[in-house]
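This report refers to the structure that appears directly beneath it.
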Amino acid sequence: MYSRREFGKLALAGVPLCSVLSAYPKINSMVQGVQIGTQTYSFRDRPLDAAIKAMIEVGLGDCELYSVHIEPGGPAGTRGPEGREALRKWRLSVPMDEIRGVRKKFDDAGINIHAFNLSFRDDFTDEEIDRGFEMAKALGVKVITASSTVTAAKRVAPFADKHKITVAMHGHSDLKDPNQFAKPESFAAAMAMSKYFAVNLDIGHFTAAGYDAVDYIKNHHDRIMVLHIKDRKKDEGPNTPWGQGDTPIKAVLQLLKKEKYPIPAFSEYEYKGNDDAVVEVKRCFQYCKDALA
């Protein structure tokens, strides 16, 4: 059995991922009864295999899989029309065995995939929406998280009902656009569309929008599937290193601990750090440990 340090040396030496991970034990990143993990977006600077290696190095055993880590062509915002059509074609044709192979990589690494992050947008066809649910099934998850729009959500609702998979809407902090999920009222409107709609609460964005994350979790914990943990300043302020913003990270984690809410808390490294993402996410993980001590 390899230690994490030995694993890192093997990875740097170019040893194939599968040859090392096949013997890797399940990583336990539960802290004081609170499941800590990460959104793989935190490692958006590297491809999937390297992101998995990074999670092992940090010691995180649960995650939300960022769709861009398995899709061709890079982030959606960098694709032109031709790239968007290529992505649509890939989504509609990718063999599900390939998607199941992604799950196996995480399983072999001792990492659980709690949710699949696929952000349904207004340009999704019905076929793409349906296929997204099929991918979630192939990944073995019961939750899709989505940075979506209210208009797109209305189209997604019947597919969530059909597949019986929960879609947790991810909130941001743009209070001016009524088509975005930012206000508690927009989450409530989504949850009224389908019993399979829920909330992916980003406590950093929620704080930046002027809301109280602790109070919201107390009142809606049964409909929150995932928390994104980050630090931001109030009044649409910037992302900051943890502990330098206004987000009540410690109070939120202590609430999960005290009330035993079964909501995973996933770090989302988004501030401008001075070090490699692995180092920065390690700092975030340590912050969680200290906050829960």
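For the stretch 141-216, the relative contact order is 33 percent, taking Cα pairs closer than 8 Å that sit 6 or more residues apart in sequence and dividing their mean separation by the residue count.
For Rg and Dmax of the Cα atoms in Å, computed directly from the structure shown, the correct entry in [x] 18.4, 53; [y] 18.7, 56; [z] 19.4, 63 is [x].
Leaving out ligands, DNA and RNA, and with a 1.4 Å probe, what % of the accessible surface on the stretch 170-293 is carbon or sulfur? That fraction is 48 percent. Using C-alpha pairs below 8 Å separated by at least 6 residues, the relative contact order for the chain is 18 percent. Taking every protein chain into account, the accessible area of the chain amounts to 44 square angstrom per residue (probe 1.4 Å).
On the basis of the beta-carbon distance and an R0 of 25 Å, Asp290 and Lys260 show a calculated FRET efficiency of 0.80. Taking amide H positions as placed in the peptide plane 1.01 Å from N, state which residues far from Gln35 in sequence (5 or more) or on other chains have amide H under 5 Å from it. Correct list: Ala265. Checking the cross-link pairs Lys230/Lys289; Lys137/Lys162; Lys26/Lys218; Lys162/Lys183; Lys53/Lys104 against a 19 Å limit on the alpha carbon distance flags Lys26/Lys218; Lys162/Lys183 as lying beyond it. Taking every alpha-carbon pair under 8 Å whose residues sit at least 6 apart, the stretch 156-293 reaches a relative contact order of 19 percent.
GNM on the chain, alpha-carbon springs under 10 angstrom: the most fluctuating residue among Asn112, Asn219, Asn179 is Asn219. Once the chain from Asn274 to Met191 is taken as fully extended at 0.36 nm per residue, the excess over their C-alpha distance is 26.0 nm.
The values are calculated or read from the model by the stated rules, or taken from the named source; none is laboratory data. What you see is a predicted model, and the numbers here were worked out from it, not measured in a lab. We place every Cβ from the backbone using ideal geometry, glycine too, and count neighbours over all the protein chains shown. Heads up: the accessible areas ignore ligands, DNA and RNA and are worked out on the full protein's heavy atoms, side chains in. Shrake-Rupley method; radii C 1.70, N 1.55, O 1.52, S 1.80 Å.
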